[in-house]
Amino acid sequence: MGTLLKNQNVLIMGVRNKWSIAWGIAEAAYDEGANIILTCQGEREREGVEELASQIGSSAVFECDISRDEDIERLFAEVKGKYGVLHGVVHAIAHAKREDITNDFIYTSREGFAHALDISAYSLLAVSRAAKDLMTEGGSIVTLTYMGSEKVFPGYNVMGVAKAALEATVRYLANDLGRLGIRVNAISAGPIKTISSKAIKDFGNILGVFEQKAPLKRGVKQDDLGDSAVFLLSRLSRAITGEVIHVDCGYNIMGV
Ligand SMILES: NC(=O)c1ccc[n+]([C@@H]2O[C@H](COP(=O)([O-])OP(=O)(O)OC[C@H]3O[C@@H](n4cnc5c(N)ncnc54)[C@H](O)[C@@H]3O)[C@@H](O)[C@H]2O)c1
């Protein structure tokens, strides 16, 4: 056990199952001494997430559908009641309608576009606004993005647009919250197999090319992302805010 996050209350949003990036982060933060608070999207996911929580000594699982303001308000009221102070928040939530990541981008509907941006980008703003009132000792907010915001990955489509909005949101939030001692950063993760990524057309191909081209000649693992998130949550990164940090075995630096 390390002590980088000892006595830190860290809220982790986005655990769906043991393959979730958020779960890798929860394990890594727990290993560094954090008190982990988890959320799940709804009743359907609760049992599975509670089972995972029990593995890291946490009985705190709160339901929060991020598309509902009342859920966000209730979540932070409950967390405040039980913990008082929050030191870290991990936002690992994104969603697009299936047709919008299987058809060509040009056919994205108005509704599908709004949905992807609402769940995957606006939600960070809503969560940060609620979290700041509990981050009375300063804090760190970490979100997850993907290089599809910078370059075209066919099939990633509207999610690429949502991730570009998410990254801009990180910078504007960092500016607003810096004066409160709250930092906001994003990890741009290399591709990793999860329920969400498997829904993307051609994901298998993206993964294969990645492993060949990345300077480190391997794929990204859950614990790579977990450890980087711990760094961003901890005082080791105390002068870093508003950044998008690639944790992708170097893939993003390559031209061919
Ligand atoms: N897997 C990858 O290759 C990859 C790469 C880069 C970035 N990311 C990002 O990492 C984050 C986590 O994704 P993952 O790959 O671990 O997949 P995942 O499916 O395990 O996690 C996605 C989570 O989003 C939650 N979610 C979706 N809609 C929600 C809503 N309305 N309310 C509350 N929660 C909701 C799901 O319940 C799930 O827990 C996402 O932002 C994703 O875009 C993933």
J(HN,Hα) series, the stretch 239-256, from Karplus relation 6.51 cos²θ - 1.76 cosθ + 1.60, nearest Hz, glycine and proline x
9, 10, 8, x, 9, 10, 9, 6, 10, 9, 6, x, 3, 5, 7, 7, x, 10
Would you mind putting 111-122, 54-65 in packing order, based on average other-beta-carbon counts within 10 Å, highest first?
111-122, 54-65
Local net charge near ARG171, Cβ-Cβ under 14 Å (Lys/Arg +1, Asp/Glu -1)
-1
Before anything else, pin down the relative contact order of the chain: Cα pairs under 8 Å, at least 6 apart, normalised by residue count, whole percent.
20
Hey, can you rank 164-170, 250-256, 132-138 by average C-beta count inside 10 Å, highest first?
164-170, 132-138, 250-256
Residue-ordered couplings for the stretch 142-157, obtained by feeding phi - 60° into the Karplus form 6.51 cos²θ - 1.76 cosθ + 1.60 and rounding to whole Hz (Gly and Pro as x), are 10, 10, 10, 10, 9, 4, x, 6, 9, 10, 7, 10, x, x, 6, 6
Global geometry of the stretch 60-103, whether rounded, prolate or oblate, following the gyration tensor of its Cα atoms and the 1.5 cut on a/c
prolate
Dmax and Rg, reported as Rg then Dmax, of the stretch 95-172 (C-alpha, Å)
14.0, 46
Would you calculate the convex hull of the Cα atoms in the stretch 9-250 and tell me its volume per residue in Å³?
116
Taking the alpha-carbon distance from LYS198 and a cut-off under 18 Å, which lysines remain once sequence neighbours fewer than 8 residues away in the same chain are dropped?
LYS18, LYS97, LYS163, LYS221
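Every number in this text was worked out from the coordinates using simple rules, so none of it is lab data. Everything quoted here is computed from the prediction, not taken from an experiment. Ideal geometry is used to build each Cβ from the backbone, glycine not excepted, and the neighbour counts take in all protein chains shown.
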